[in-house]
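Novice: The following block contains the structure, expressed as structure tokens.
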Amino acid sequence: MIALIQRVTEAKVVVDGNTIGAIEQGLMALIGVEKDDDQATANKLLKKLLGYRVFSDEDDKMNLSLEAVSGGLLLVPQFTLAANTKSGMRPSFSSAAPPAKGQELFDYLVTKAKSAYSIVETGEFGADMKVHLINDGPVTFNLQV
């Protein structure tokens, strides 16, 4: 699984003009699912999302995790993260999980996140989403497990 995480001061997902998920300070994570991913992969990614130290401590060093700052976690499915862009002028999605598996693992990740952490919001798998965010820093990392 791939997560493109961004430290945000706020973020929201809008579908058909309605906000379906929103957080204040925290992490927005775009989630891509690859063919070989499974529940164990999702569990590893969740542990990394909750514990990855990207928030500043009192010395302005990135030493604090999402859990340490009690920030929100916005999980947004994005299959295009699994694209192969190494050659040509058009992305290949041969490494991406089929839609049914992608949704199953995204839903699993969301369920586990909501049981492990109190501030979890989501986008909608397969929807035409409008994602709004204010990237804090900017701070962006590509996490792969």
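The values are calculated or read from the model by the stated rules, or taken from the named source; none is laboratory data. Here the structure is a predicted model, which means the values were calculated and not measured. Please note: Cβ atoms are built from the backbone with ideal geometry, for glycine as well, and neighbour counts cover all protein chains shown.
Novice: Quick one: count up the residues across the stretch 33-63 that are surrounded by 16 or more Cβ atoms within 10 Å (Cβ to Cβ) and farther than 22 Å from Gly102 by Cβ.
Specialist: 4
Novice: Let me ask another. Within the stretch 26-62, how many residues turn out to be charged (D, E, K, R) and without any contact (Cβ under 8 Å) to a residue 24 or more places away in the chain? Steps first, please.
Specialist: Of all residues in the stretch 26-62, those charged (D, E, K, R) come to 34-38, 44, 47-48, 53, 57-61.
Going one step further and asking which of them are without any contact (Cβ under 8 Å) to a residue 24 or more places away in the chain, we end up with 36, 47, 53, 57-61.
Residues meeting the conditions: 8.
Novice: Follow-up question, since we're still on this one. So which residues in the stretch 118-145 are out of contact with any Lys or Arg (no Cβ under 8 Å at 6 or more places or on another chain), in a loop (DSSP other than H, G, I, E, B) and of a type outside the set (Gly, Ala, Ser), if there are any at all?
Specialist: Scanning the stretch 118-145 gives Ile119, Glu124, Phe125, Asp128.
Novice: I would also like to ask the following. What is the residue count in the stretch 106-142 for residues that are under 14 Å from Gly72 (Cα atoms), touching a Gly at 6+ places or on another chain (Cβ under 9 Å) and acidic (Asp, Glu)?
Specialist: 1
Novice: Looking at Leu45, Leu74, Leu109, Leu49 in this structure, which one is among the aliphatic types (A, V, I, L, M) and in contact with an Asp or Glu (Cβ under 6 Å, 6 or more places away or on another chain)? Step through it out loud before you land on a result.
Specialist: Numbers: Leu45 fails: in contact with an Asp or Glu (Cβ under 6 Å, 6 or more places away or on another chain); Leu109 fails: in contact with an Asp or Glu (Cβ under 6 Å, 6 or more places away or on another chain); Leu49 fails: in contact with an Asp or Glu (Cβ under 6 Å, 6 or more places away or on another chain).
Residue meeting the stated conditions: Leu74.
Novice: Ok, one more. Scan Ser115, Ser87 and give me the residue that is more than 13 Å from Leu27 (Cα to Cα), outside any helix (DSSP H, G or I) and hydroxyl-bearing (Ser, Thr, Tyr).
Specialist: Numbers: Ser115 fails: outside any helix (DSSP H, G or I).
When all the criteria are applied, what remains is Ser87.
Novice: Evaluate the following for Glu24: is it of a type in the set (Asp, Glu), in contact with a strand residue (DSSP E or B) (Cβ under 8 Å, 6 or more places away or on another chain) and buried (at least 16 other Cβ atoms within 10 Å of the Cβ)? Give the steps one after another, and end with the answer.
Specialist: On the way: of a type in the set (Asp, Glu): yes; in contact with a strand residue (DSSP E or B) (Cβ under 8 Å, 6 or more places away or on another chain): yes; buried (at least 16 other Cβ atoms within 10 Å of the Cβ): no.
Judged against the criteria, Glu24 is not a match.
Novice: Considering the stretch 123-143 alone, what residues qualify as being farther than 15 Å from Met1 by Cβ and buried (at least 17 other Cβ atoms within 10 Å of the Cβ)? Spell out how you get there, then give the answer.
Specialist: Going residue by residue through the stretch 123-143, those that are farther than 15 Å from Met1 by Cβ are 123-124, 126-140.
Hits for the stretch 123-143 are Gly123, Met129, Leu133, Asp136.
Novice: While we're on this one: Keeping to the stretch 44-83, report how many residues are polar (S, T, N, Q), at pLDDT 95 or above and under 19 Å from Asn142 (Cβ atoms).
Specialist: Step one: filter the stretch 44-83 for residues polar (S, T, N, Q), giving 56, 63, 65, 70, 78, 80.
Filter once more, so that each one left must be at pLDDT 95 or above: 56, 63, 65, 70, 78.
Narrowing the set further to residues that are under 19 Å from Asn142 (Cβ atoms) leaves 65, 78.
Residues flagged as polar (S, T, N, Q), at pLDDT 95 or above and under 19 Å from Asn142 (Cβ atoms) within the stretch 44-83 amount to 2.
Novice: Further question on the same structure: Based on what the data block shows, is Ser65 touching a residue at least 12 places away in the same chain (Cβ under 8 Å), hydroxyl-bearing (Ser, Thr, Tyr) and on the phi < 0 side of the Ramachandran plot? Don't jump to the end; show me each part of the working.
Specialist: Values: touching a residue at least 12 places away in the same chain (Cβ under 8 Å): yes; hydroxyl-bearing (Ser, Thr, Tyr): yes; on the phi < 0 side of the Ramachandran plot: yes.
Criteria met by Ser65.
Novice: Test each condition in (1) within 11 Å of the chain's Cα centre (by Cα); (2) more than 20 Å from Lys12 (Cα to Cα); (3) among the aromatic types (Phe, Trp, Tyr) for Phe106 and report the one that comes out false.
Specialist: Exception for Phe106: condition (2).
Novice: Right, another one. Do the conditions hold for Lys101, that is, is it part of a strand (DSSP E or B), among the basic types (Lys, Arg) and in contact (Cβ under 8 Å) with a residue 40 or more places away in the chain? Give the steps one after another, and end with the answer.
Specialist: On the way: part of a strand (DSSP E or B): no; among the basic types (Lys, Arg): yes; in contact (Cβ under 8 Å) with a residue 40 or more places away in the chain: yes.
Judged against the criteria, Lys101 is not a match.
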